[in-house]
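In what follows, a single structure is set out as structure tokens and then discussed.
The values are calculated or read from the model by the stated rules, or taken from the named source; none is laboratory data. All values reported here derive from a predicted model rather than from experimental measurement. Cβ sites come from the backbone with ideal geometry, for glycine too, and all protein chains shown count toward neighbours. When the accessible area is computed, the model is the full protein with side chains, heavy atoms only, and any ligands, DNA or RNA have been set aside. Shrake-Rupley method; radii C 1.70, N 1.55, O 1.52, S 1.80 Å.
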Amino acid sequence: MKAAIASSDTLFVLFGASGDLAWRMVVPALFDLYLDKHLPERFRLLAVGRSDAGDAALAEHYFKGVAENSRRGAPPPDAWQAFCGMIRHIRIDVSAPEDFSKLGKALEIYETEWGGKAERVFYLATPPSLFERIALGLGAAGLSQDRDHVRMVVEKPLGNDLDSFRRINDALCRIFEERQLFRIDHYLGKETVQNILAMRFANPIFEPIWNRRYVDHVTITVAETLGVGKRGGYYEHAGALRDMVQNHLLQLLCLVAMEPPVAYDADDIRDKKVDVLHAVRPIPRDTVDSFAARGQYAEGWIQGAKLAPYRDEADVDPHSNTETYAALKLYVDNWRWQDVPFYLRTGKCLAASVSEISIRFRDVPHRAFPASAGLNAQPTRLIIQMSPEQGIVLKFMAKEPGSQLRLRLVDMRFSYMEAFKTDTPAAYETLLRDVMVGDATLFMRADQVEAAWKLVMPILDVWAENPAADFPNYAAGTWGPESADLLVARDGNSWLTPTITKA
Ligand code: BG6
């Protein structure tokens, strides 16, 4: 059970305050929390940066970010004024140790004014190359030691591979205790993703069929129509496997495949999730081609607009070997899932923007209906829709009305909007709120991130050592490369086109 929203005074220190993440995600989410009265009465956003921009300039910069990115659009003027009253720009050079002492003094001034200790949240919306320096600076200034009231939030990418993750993580763990570290994977803050656990473990009907006896295979799709846009510089060194699979898609796999937790409690849930990653069958280097497929978009058309090939995007090498599409076949070697394939796919510039998990059930064991009835033309599936539709669809066979015996697949549907008649909070709102109340359930523990890196490393290595001869190998606006179709076709399966594509 979550604690009531931060009734405690909170000092939220945002490093990288003038960056894109702060502008697009963090500040809009804080403002929406403010509108929903989910910020404590005494709250300050200390926006840390190196520039001399004053409070007013920063507020104006954030205004545009909120107008463009908040789920509520342009901020109401009065509320915005009040919110801005809580923002203070603070100039700090993270390479100057004495500046951290200056930060410490600023925090103390608020606490003295408020008459007691506040919760202190240090949020690193900076490039990961600065994580270690900032952590060490905070540590040296004595700002990490209050284990119960100080929290550190870090964003992905947490490293570029297993070794760099370990280096960054070791640095963070030298200064902070694990319980103070909140590693964000914003997928875990999405309502539809959180609902996977509610669906599976708050209803008695799913668990008995949630296993190898009834499930034929599972498909996890996170497809985007957008290309890399202005993020070419970052993406060139990341690629789809690091950017999406190592974190978001593996987290989804964990939620679908995990065992029931004993309690809805951060450690118990995270234990069960990491068990899944440990059970995933490792992919030997010499079999990578049988378990993974990669793609890179060529030019193409999406919704009437012509898109340039990835290699023509800004800050991208014209001979780039970076994958903008990745598909994986994984097996979870345990009693529940032995030999059930889990197919994961994600890509940029695909035919539709859609995220969904599809559980494909086994065919009936005996076909009592005549072949003419059309049984098995389509399998029974349960689809967890994360976006753009938010809900759950059960696709099952029904008899068509009429004198002839004809069977057809029909949908039984749950929609968030229809059921709850309310807008769902953005993932960042949920996550920031949880940081402020100290609930780590939806954050990644170090062992999970490490296990996820271990799992993808053989693929990353083999792909890096063997540039793809066929890149670019899918046209923008399609469902990805042929090699991904072959990956599942070898098992007699196919990627089913996502159910609803409101792209
Ligand atoms: C981010 C990736 O983590 O997730 C982006 O870096 C990707 O490349 C984004 O576009 C997708 O998030 P969402 O919430 O839009 O599905």
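The DSSP beta bridges internal to the chain are antiparallel in roughly 55% of cases. In the chain, one over the average inverse separation of all distinct C-alpha pairs is 24.4 Å, which is the Kirkwood hydrodynamic radius. Ordering of 402-410, 63-71, 274-282 by packing is 274-282, 63-71, 402-410, highest average first (other Cβ atoms within 10 Å, averaged per residue).
Any chance you could tell me what percent of the C-alpha pair distances in the stretch 189-489 go past 25 Å? The share of Cα pairs beyond 25 Å in the stretch 189-489 comes to 54 percent.
Here the label points at R336 and F206, each 7 Å from Cα along the C-beta direction, are separated by 1.1 nm in the simple model. Rg/Rh for the stretch 1-146 to two decimals, with Rh computed the Kirkwood way over all alpha-carbon pairs. My calculation puts Rg/Rh at 0.95. Nearest 10 degrees, 0 to 90: what angle lies between the long axis of helix 427-437 and the longest principal axis of the chain (Cα atoms)? The angle comes out near 50 degrees. State log₁₀ I(q)/I(0) for the stretch 197-313 at q = 0.15 Å⁻¹ as given by the Debye formula over alpha-carbon point scatterers of equal weight, solvent excluded. Debye curve over Cα of the stretch 197-313, log10 I(q)/I(0) at q = 0.15 Å⁻¹: -0.90. Accessible surface computed residue by residue for the chain, with neighbouring protein chains in place and a 1.4 Å probe, gives 44 Å² per residue. In the stretch 79-146, the alpha-carbon atoms span a convex hull of 109 Å³ per residue. Its Cα gyration tensor gives the stretch 183-266 an equivalent ellipsoid, and the semi-axes of that ellipsoid, as √(5λ) in whole Å with the largest first, are 30, 15, 11.
With axes computed from alpha carbons, what is the tilt in degrees of helix 446-465 against the longest principal axis of the chain, rounded to the nearest 10 within 0 to 90? The helix 446-465 is inclined about 60 degrees to the chain.
The count of lysine pairs in the stretch 10-184 with alpha-carbon distances below 25 Å, taking only pairs 8 or more places apart or on different chains, stands at 5. The distance from the alpha carbon centre of the stretch 399-428 to that of the stretch 53-89 is 39 Å, rounded to a whole number. Tell me the net charge near A476. Cut-off is 10 Å between Cβ atoms, A476 excluded, with +1 for each Lys or Arg and -1 for each Asp or Glu. Net of charged neighbours comes to +1. Here are some pairs, K190/K273; K230/K348; K190/K329; which of them have Cα atoms lying more than 21 Å apart in this structure? With Cα atoms farther than 21 Å apart: K190/K329. Remark: C-alpha extents of the stretch 104-220 on the principal axes read 60, 38, 20 Å, sorted largest to smallest.
Highest mean packing comes first when the peptides 117-123, 453-459 are listed by Cβ atoms within 10 Å, giving 117-123, 453-459.
The value given for the stretch 50-109 is a Kirkwood hydrodynamic radius of 13.2 Å, derived from the mean inverse Cα-Cα separation.
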